[in-house]
Amino acid sequence: MQATADSTKMCVWSNWKSQAIDLLYWRDIKQTGIVFGSFLLLLFSLTQFSVVSVVAYLALAALSATISFRIYKSVLQAVQKTDEGHPFKAYLELEITLSQEQIQKYTDCLQLYVNSTLKELRRLFLVQDLVDSLKFAVLMWLLTYVGALFNGLTLLLMAVVSMFTLPVVYVKHQAQIDQYLGLVRTHINAVVAKIQAKIPGAKRHAE
């Protein structure tokens, strides 16, 4: 039973990962364009209006479209003297409820990620590995400067743009990027080695 549950989790994760990769690498240009454009529109809207206003405007836009289409189809049926029924009948009859198994499946996946994150944070804050905790401290220190320059929405907007552009750029210029990343990684490893050599016990914990 446990093996089946683990297999299901891996299958769900694999499916999500595959779909995300297809989107980020623009393998279906139309689908990626719609998703990317929707994210940008939503984030730009949030920079200008409050969350409540954006949700309200989106709801009004959707209602305006559906109500107008419903009225148009009703008038058209009256003029043509046809009885095609409700224009959204297929969608109204579509099953959209989540089963208990689906809810349990997604809950288990979420629980797995939350537990993994909590364990990693505990390891960093309680200094299980001194070098890793120092790296985390440097990252947090750098983020204080980033936070002073950009607000949360701007960072989120930059992250979304990067997610949809950097993978494609990397594929096109992989050789050059790997070369520079190798140089950076070598430099960082050299700095970490110097720190480990100067801090008593750091090298032993890292090993």
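The values are calculated or read from the model by the stated rules, or taken from the named source; none is laboratory data. Note that the structure is a prediction, hence the values are computed from the model and not measured. Ligands, DNA and RNA are excluded from the accessible area calculation, which covers all protein heavy atoms including side chains. Shrake-Rupley method; radii C 1.70, N 1.55, O 1.52, S 1.80 Å.
Classify the chain as rounded, prolate or oblate, taking a ≥ b ≥ c as the square roots of the eigenvalues of its Cα gyration tensor: rounded when a/c is under 1.5, otherwise prolate if a/b is larger than b/c and oblate if not. Cα axes put the chain in the prolate bin.
Across the cross-link table entries LYS119/LYS172; LYS17/LYS198; LYS30/LYS172; LYS30/LYS119, which are compared at the Cα atoms, the separations over 30 Å belong to LYS119/LYS172; LYS17/LYS198; LYS30/LYS119. Specify whether the C-alpha gyration tensor of segment 72-151 places it in the rounded, prolate or oblate class, a ≥ b ≥ c being the square roots of the eigenvalues: rounded for a/c under 1.5, otherwise prolate if a/b is larger than b/c and oblate if not. Note, shape of segment 72-151 comes out oblate. On a per residue basis, the chain carries 80 Å² of accessible surface, using protein heavy atoms and a 1.4 Å probe.
The helix-only estimate of mean residue ellipticity at 222 nm for the chain, built from DSSP H runs of length n ≥ 4 each weighted as -39500 (n - 2.57), is -29000 deg cm²/dmol after division by the residue total. Taking all protein chains together and rolling a 1.4 Å probe, VAL51 ends up with roughly 100 Å² accessible.
When the surface is traced with a 1.4 Å probe over the full set of protein chains, PHE69 keeps roughly 90 Å² accessible.
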